[in-house]
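The values are calculated or read from the model by the stated rules, or taken from the named source; none is laboratory data. Everything numeric in this text was worked out from a predicted model, so none of it was measured. Cβ placement follows ideal geometry from the backbone for every residue including glycine, while neighbour counts extend to all protein chains displayed.
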Amino acid sequence: MSARWIKTNCLLLVGLLSFIGDPTGLSVGADEHAMTRVVRAAASRVLDSIVTIEVIGALGGEGEIRQDAPTAGVVVDEEGHVITSSQVTASASATIIVIDGDGARYPAQVVGEDVVRGIVMLKLGGSNDFPPAITWRADSSEAANFPQRQIGQTMVAVSRYGAKGSPMVSVGILSAMGRLKGDALQTDARVSPSFYGGPLLDIEGNVHGILIPSAGDAAAGGGQDPTQWYDSGIAFATSIEAIVKRLGALRAGNKIRAGLLGIVPAERDSSSTNTTVAAVRPRSPAEQAGIRAGDQITRINEQPVRRIDDMRLALGRCDAGDEIRIAFQRGEEEFSATVELVDAIAPPRAQLLGAFVREDIKPGKQNGEASIDEKDPQRGVVDRSLQIESLLQDGPADGSLRVGDRLLRINGTEVSSLSTLRRQLWLAEADEELVLTIIRESEEVVQNVTPRDLAGSLRDVYGAALDQTESRQAKTQGWKTTTLRLPEIENAAAVYGPVIDEAKEARRAADANAAGGLLVILLEPDHREAKESLKAFIDAAKRTGVAVCVIASQQEGRWQPAEDAAIVRLTTAAARQCRVTSAATAIVSENVCRLGGVPGPSDTMAMGVALSREDTYAGLSVVPNLQPPAVRLSPADPIRMIRILVPIAAEDDRPSWGQVLGRFGCVIQESPSVDAGLLMRWLTRLPAI
Amino acid sequence: MSGNEPRFGSASSADHASPFHATAPIATQSVFIMPCVRLALGITLNCLALIWGSCLQQARAQEVAPEPSLGRVAREAQQRVVKVYGAGGLAGLEEYQSGFLVSPSGHVATVWSYVLDVDPIVVLDDGRRFEAEIVGFEPALELAVLKVEADGLPFYSLPADDQAGWGDPVLAVSNLFNIAVGNEPASVMRGRIATKTRLDARRGTFQTPYRGSVYLLDLVANNPGAAGGALVDRRGTFVAMLGKELRDSQTGSWLNYAIPSSAIRQTVGDIIAGRKTLPQVIEDTKLALDQAHDVATLGLVMVPDVLETTPAFVDAVPSATAAQRAGLQADDLVLLVNGVRTASQRALREQLRRIDRRDDVTLLIQRDNEIKELVLRP
């Protein structure tokens, strides 16, 4: 007997009634019924090992989901170890109670934690008689082999709910693999907080992962609150392979953190196919491995690495303490080394040489007219030269280097580009002499220069020169105020600077009066008139030769975090008009331009933009006691090469966020009083290496 | 091997043939029910349908494997679900909800809410609009029954026992977000029952007077306007009524839930029959201060309550008190009071207010790495 037989026999009857009934409805009941049995059977396989976890005395968080929301866990061995999600440790608590399916309660303690993958291990106490341990595979004879999986297959989330610990399921499919840092599965099953820590099964009952709260990577548009995607059809589970591999470490009480290598890629674009190292962080595993600036990473753990994203994913699967095998190329030579990744690298102490360097790219032409395009994939074949254009008066290199010198090598390593040079100085050893090889009047000359800390009092860093106001009046002749309008951007914005003239003849003239920098000022959200507000800065702009771009918030009364994209687009447009590179662009709040400014939303917004869009700004200035923005930073992220100028008198007054940002590479500079004029003079020094 | 999930409905595997056979007669029966409902449509239509239906069927037979469809069940459900419009529209509250027919003569069961502050308008699946009368309501169940002047309507009979369990597939039919405007039929969503649980008597866990069993769903069914909609099983049998929007105050998340047929059946029947129903006594009431227990009557000195979520830690146990006799000690953490979870010290005080001071109190406590049950006798 087959379905077809029944259908054929019912054809006449169904035909009669087909205007009300769907004939295929005949078989669906059976499908669904069989599926129900399958789902229940799968869940029942693991149910005895699933426990409810209650957190007692947790402090309420900011999000919608309560910090003490009961979640789930899985008993993994006879000693009473339980795997659960990071929801359990999201905030400090008085105690953790685990309840099994029969209602028995056990006190539990956090033993280990995998902060990268959102997994926590608990140890039950109070008894020796624990719920049975889970068998990861339905066919337990193959415990060592993990189940295969494919996108689209049915997945079942399992948990317990309520005072009785009733079994609870949610059914969906496998949406994706290799998510988050590379070890997460994605499912479209609706996962509410009660499922966190519970298993994600296939319909045979094999465990594929443990559900975790996550709202994706912040960089990929995810949110700050990991629970905010509950019930959305986008849920994540840390794969069982990644967990089982770490069970030993978790039992041993380890806190598993991301493994750091300490290389700084030359390219900021993570999809770039250029895996050249711009700089190596001092005292990092990369330095131990013998990797040097200019080397190209070719393989990690025997896997070929073709783009920066590949490196990120390959390293994302590794933890601090893991040994990795890394292969790299220097010229024609291949090297490889085995190093142990670490959980923290000493924060960089950015150094200043005090030289303004011009990068000339010569594709056979001598006039230096070729446009400098950092993302030009053909860059490898062009001949670059780095020429000293001017020197900071009383700067570290003043006296050793001369205008016109061409920089060849630092400490014996070829300097390939301006951006690489900048990264090298950012990560240079403090108080250590640099050996500079230069070409001066066709001769190769070696000069030793001891650089200076870039952080600290602005006066100490840049010297008395900072107070001098060179008159650039002549240069700013012909500058105008224009309204900046871009498609789909509602923010009002106005620019004072050189005027765009796309006619080719005018290019040269425009070059001649290109701005010395671009100061982007975010207005307080109750100030709506960009053009009107801009007027206050024109005098200072004329004196310093710095262009100004003023941006108002989209809506009156508030800045929204999502406006960062609009701000960056406006900045990029203004920078193009004024022919300024990102090395001479800074973003500041309206408040900091006024002496004794009080912090407001524009400060928070300026900091948020500068930190999340690191490519756009070399400088940031805000009032110190601002409300810090909600930006997630990870030690595994690339370093942030941003100078932050704060109006404080002494290092002791440094805001607490300064130290945090310092760990991510930011440099804090201070000045007792900050006004628009000082900001602009500071800005003209930002490009100095 | 994975990915080799049984392909249901293909009838190629002997294993899966059996459930198919088991259910086929039931499905056929349901088809037979249909004519009664649609009798009014007349014989001429049937003749037309014979020709049209056969063509359709032949066209379908040529397709390789028709996708299993819940078409019939969904359509039946839409015909029985109505849209209810009423008061509201202020302070961001929606002025609409859903309901379902429970008698052929126009009785509609729905949730008791502010929408019914005025006599509501009911819009049937066929587009007819009625000014409805509120026949009766039961606040303890958040249930109301309306009546429209119509006859011969399709309706749901409410089963007395709840057959559905966790994992069962269901359709949720409602006018969520008032998407179905004018005479459009209600929206049908598909999912499964996640679990069957109870809304506990403990106060504050759920902000609804209803205490009893509920189905939690694995689909996002309880959106604005969905309250009063129908949850039906794969055969088209009524399972439960979709509840109002409700947060689970234990987790803070929105609940997707429905109130089972068995919980509302009696009351719906009584209201239709005109029998006066007594509101169910909500057992969860506070006692007067001098009648209830408090920490002092038991001899508990708690740690200073400084936070909203200060855990229920015992600070000291004075001698010659119930607590001391029971063996309670300083630093014990109270987990359960008479079997109900004590999330914080505040919750403990609330719980004690509901226990007569002449009664024993059973505490489950954590002491270091141990969990103990102690009975405090006043």
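Please go through segment A:178-197 and pick out each residue that is touching a Ser or Thr at 6+ places or on another chain (Cβ under 8 Å) and part of a strand (DSSP E or B). Answer for segment A:178-197, where residues must be touching a Ser or Thr at 6+ places or on another chain (Cβ under 8 Å) and part of a strand (DSSP E or B): A:ALA184, A:LEU185, A:GLN186, A:THR187. The residue list A:ALA574, A:ALA583 contains one member that is hydrophobic (A, V, I, L, M, F, W, C) and surrounded by fewer than 24 Cβ atoms within 10 Å (Cβ to Cβ), which is A:ALA583.
Within segment A:520-538, the set of residues being in a loop (DSSP other than H, G, I, E, B) and under 33 Å from the mean Cα position of the chain (by Cα) comprises A:LEU523, A:GLU524, A:PRO525, A:ASP526, A:HIS527, A:ARG528. Those strands (runs of 3 or more DSSP E) of segment A:234-327 in which 2 or more residues are crowded, with 22+ Cβ neighbours inside 10 Å and in contact with a Gly (Cβ under 9 Å, 6 or more places away or on another chain) occupy A:235-239, A:277-280. Screening segment B:269-378 for strands (runs of 3 or more DSSP E) wholly inside it with 3 or more residues that are over 29 Å from B:PRO139 (Cβ atoms) and over 31 Å from the mean Cα position of the chain (by Cα) returns the ranges B:314-316, B:361-367, B:370-376.
The condition of being more than 7 Å from chain B (Cβ to nearest Cβ), modelled with pLDDT under 85 and over 24 Å from B:LEU364 (Cβ atoms) holds for only one of A:GLY61, A:GLY29, that being A:GLY61. Screening A:LEU645, A:LEU683, A:LEU620 for residues that are in contact (Cβ under 8 Å) with a residue 60 or more places away in the chain and in a strand (DSSP E or B) leaves exactly one candidate, A:LEU645.
Among the residues making up segment A:172-188, those that are aliphatic (A, V, I, L, M) and either modelled with pLDDT under 95 or surrounded by fewer than 24 Cβ atoms within 10 Å (Cβ to Cβ) (or both) are A:ILE173, A:ALA176, A:MET177, A:LEU180, A:ALA184. Which members of segment A:216-244 meet the condition of being more than 14 Å from chain B (Cβ to nearest Cβ) and at pLDDT below 90? Those that are more than 14 Å from chain B (Cβ to nearest Cβ) and at pLDDT below 90: A:GLY216, A:ASP217, A:ALA218, A:ALA219, A:ALA220, A:GLY221, A:GLY222, A:GLY223, A:GLN224. For segment B:279-309, taking the residues that are within 14 Å of chain A (Cβ to nearest Cβ) and at pLDDT 85 or above, the one that is surrounded by the fewest Cβ atoms within 10 Å (Cβ to Cβ) is identified as B:PRO304. Of note, A:MET168 satisfies the criterion of being within 10 Å of chain B (Cβ to nearest Cβ), aliphatic (A, V, I, L, M), surrounded by 19 or more Cβ atoms within 10 Å (Cβ to Cβ) and assigned to a strand (DSSP E or B). Of the numbered conditions (1) modelled with pLDDT of 90 or more; (2) out of contact with any Pro (no Cβ under 9 Å at 6 or more places or on another chain); (3) at negative phi, B:GLY225 satisfies every one except a single condition; which is it? So B:GLY225 meets the others, but not (3). Residue count for segment A:541-563 under the criterion of being touching a residue at least 12 places away in the same chain (Cβ under 8 Å) and surrounded by fewer than 21 Cβ atoms within 10 Å (Cβ to Cβ): the result is 8. Against the definition (outside any loop (DSSP other than H, G, I, E, B), crowded, with 17+ Cβ neighbours inside 10 Å, more than 24 Å from the chain's Cα centre (by Cα) and not acidic (Asp, Glu)), how does B:PHE137 come out, yes or no? For B:PHE137, the condition - outside any loop (DSSP other than H, G, I, E, B), crowded, with 17+ Cβ neighbours inside 10 Å, more than 24 Å from the chain's Cα centre (by Cα) and not acidic (Asp, Glu) - is not met. Applying the criterion of being in a loop (DSSP other than H, G, I, E, B) and within 7 Å of another protein chain (Cβ to nearest Cβ) to the residues of segment A:140-163, the residue that is modelled with the lowest pLDDT is A:ALA163. Whenever a residue of segment B:366-378 is facing chain A (nearest Cβ under 8 Å), it has no partner that is assigned to a loop (DSSP other than H, G, I, E, B) and hydroxyl-bearing (Ser, Thr, Tyr) lying with C-beta atoms less than 6 angstrom away and at least six residues away or across chains.
Of A:SER612, A:SER673, A:SER602, A:SER634, all but one fail to be touching a residue at least 24 places away in the same chain (Cβ under 8 Å) and surrounded by 22 or more Cβ atoms within 10 Å (Cβ to Cβ); the exception is A:SER602. Is it true that some residue in segment A:101-115 is buried (at least 24 other Cβ atoms within 10 Å of the Cβ) and over 19 Å from A:ILE134 (Cα atoms)? Checking segment A:101-115: at least one residue is buried (at least 24 other Cβ atoms within 10 Å of the Cβ) and over 19 Å from A:ILE134 (Cα atoms). Selection of first residues in segment B:334-362 that are within 20 Å of B:LEU307 (Cβ to Cβ) and of second residues that are assigned to a strand (DSSP E or B) and among the hydroxyl-bearing types (Ser, Thr, Tyr), restricted to Cβ pairs under 8 Å at least 6 apart or on distinct chains, gives the following pairs, ordered by first then second residue: B:VAL337/B:THR362. Given the structure, is A:SER2 over 23 Å from B:THR195 (Cα atoms) and modelled with pLDDT under 70? The answer is yes for A:SER2. Take the conditions more than 9 Å from chain B (Cβ to nearest Cβ), part of a loop (DSSP other than H, G, I, E, B), within 30 Å of A:SER271 (Cβ to Cβ) and hydroxyl-bearing (Ser, Thr, Tyr) and apply them to A:SER175. Does it pass? No; evaluated as a whole, the condition is false for this residue. Checking B:GLY127, B:GLY152 one by one, the residue that is surrounded by fewer than 21 Cβ atoms within 10 Å (Cβ to Cβ), in contact with a helix residue (DSSP H, G or I) (Cβ under 9 Å, 6 or more places away or on another chain) and part of a loop (DSSP other than H, G, I, E, B) is B:GLY152 and no other. Identify the residue in segment A:386-433 that is in a loop (DSSP other than H, G, I, E, B) and of a type in the set (S, T, N, Q) and, among all such residues, is surrounded by the fewest Cβ atoms within 10 Å (Cβ to Cβ). Step by step, filter segment A:386-433, then rank; the result is A:GLN393. Residues of segment B:68-120 that are modelled with pLDDT of 90 or more, over 20 Å from B:THR267 (Cα atoms) and among the basic types (Lys, Arg): B:ARG75, B:LYS83.
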